[in-house]
Amino acid sequence: MLQGDPNQFAIVTFDPGGTIGWARLILDARAFSRPEHKVLRWLLSWDCGEFSGQEEAQLEQGVALIRATRLNGVFNRHTDVVGEDFELTQLIGGENLLSPVRINAVLNWECHKQGLKYVLQKRQMRKSVTPERLNLFGFKGKWRTSGKGKDAFAAMQHAVVWSRRIKKLSQSRPWKLSDGIASNAYWDCACEEIDSYGRGQCDMSHPRS
Ligand SMILES: [Zn+2]
């Protein structure tokens, strides 16, 4: 992987609860710079897991993951942090019932301090990403929907869903490459090339700026 490449985009997701599941995708921003680019073709790396220990210890690991992901050499990676939204769907949960609420609050505050947005995504949105589909996409693993591993799986589901949502948004508004830095951002097109009539040869629909 290129160190310090400003054109990297990271997605960090959390499935908060008694055990915090986490996942991280690191993508080349070209996944979103042209509508026809397939997201997974531009996947640089991925990993996922579950934190262990007391809630505070798990949160420390979560905060460390966000920081380590955002800082990439001398550049900051464009990083989206996503957590599963809390839904009061069950009334039996004991002292851990509200732990997702506490975890989301801490991660939200950490993101705020780092100038990142903590986005909440509904549980329902991840249901379409089955273990079979994850494997088909190239995320090879023994994905578990219950017991140990289910929280890492949930975080992976959220990561895939978020990447799709970002891709959808980029269809009508492709990303400028190097958008995470202040200068030298450019469209991934032939805009800059001028033909013999003095016209730009843009082959892509994007905002004129
Ligand atoms: Zn153009």
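Is it the case that some residue within the stretch 105-123 is part of a helix (DSSP H, G or I), within 17 Å of the chain's Cα centre (by Cα), more than 16 Å from the ligand (Cβ to nearest atom) and of a type in the set (Lys, Arg)?
Yes, because at least one residue in the stretch 105-123 is part of a helix (DSSP H, G or I), within 17 Å of the chain's Cα centre (by Cα), more than 16 Å from the ligand (Cβ to nearest atom) and of a type in the set (Lys, Arg).
Name every residue in the stretch 101-135 that is over 17 Å from residue 69 (Cα atoms) and among the charged types (D, E, K, R), in order of residue number.
Answer for the stretch 101-135, where residues must be over 17 Å from residue 69 (Cα atoms) and among the charged types (D, E, K, R): 102, 122, 123, 126, 127, 132, 133.
Can you list the strands (runs of 3 or more DSSP E) found entirely within the stretch 1-97 that contain at least 2 residues being more than 21 Å from residue 119 (Cα to Cα) and assigned by TED's automatic domain parsing to the domain that holds residue 139?
Answer list for the stretch 1-97: 43-50.
Within the bounds of the stretch 144-163, is there any residue that is of a type in the set (Ser, Thr, Tyr), under 30 Å from residue 100 (Cα atoms) and without any contact (Cβ under 8 Å) to a residue 24 or more places away in the chain?
yes
Name the residue that is farthest from the ligand (Cβ to nearest atom), counting only residues in the stretch 173-209 that are touching a residue at least 60 places away in the same chain (Cβ under 8 Å) and closer than 30 Å to residue 127 by Cβ.
Here the residue is 175.
Right, residue 165: of a type in the set (D, E, K, R) and surrounded by 12 or more Cβ atoms within 10 Å (Cβ to Cβ) or not?
yes
Evaluate the following for residue 103: is it of a type in the set (Val, Ile, Thr) and in contact with a Gly (Cβ under 7 Å, 6 or more places away or on another chain)? Spell out how you get there, then give the answer.
Numbers: of a type in the set (Val, Ile, Thr): yes; in contact with a Gly (Cβ under 7 Å, 6 or more places away or on another chain): no.
Spelling it out, it is not the case that residue 103 is of a type in the set (Val, Ile, Thr) and in contact with a Gly (Cβ under 7 Å, 6 or more places away or on another chain).
Looking at 59, 71, 98, which one is within 14 Å of residue 17 (Cβ to Cβ) and without any contact (Cβ under 8 Å) to a residue 40 or more places away in the chain? Before you say what the answer is, go through the steps one by one.
Working: 59 fails: without any contact (Cβ under 8 Å) to a residue 40 or more places away in the chain; 71 fails: within 14 Å of residue 17 (Cβ to Cβ).
Unique residue meeting the criteria: 98.
Against the definition (touching a Cys at 6+ places or on another chain (Cβ under 8 Å) and surrounded by 10 or more Cβ atoms within 10 Å (Cβ to Cβ)), how does residue 200 come out, yes or no? Before you say what the answer is, go through the steps one by one.
Numbers: touching a Cys at 6+ places or on another chain (Cβ under 8 Å): yes; surrounded by 10 or more Cβ atoms within 10 Å (Cβ to Cβ): yes.
The answer is yes for residue 200.
The values are calculated or read from the model by the stated rules, or taken from the named source; none is laboratory data. Owing to the predicted nature of the structure, the values given are computational and were not obtained by experimental measurement. Don't worry about glycine lacking a Cβ; one is built from the backbone with ideal geometry, like all the others, and counts go over all protein chains shown.
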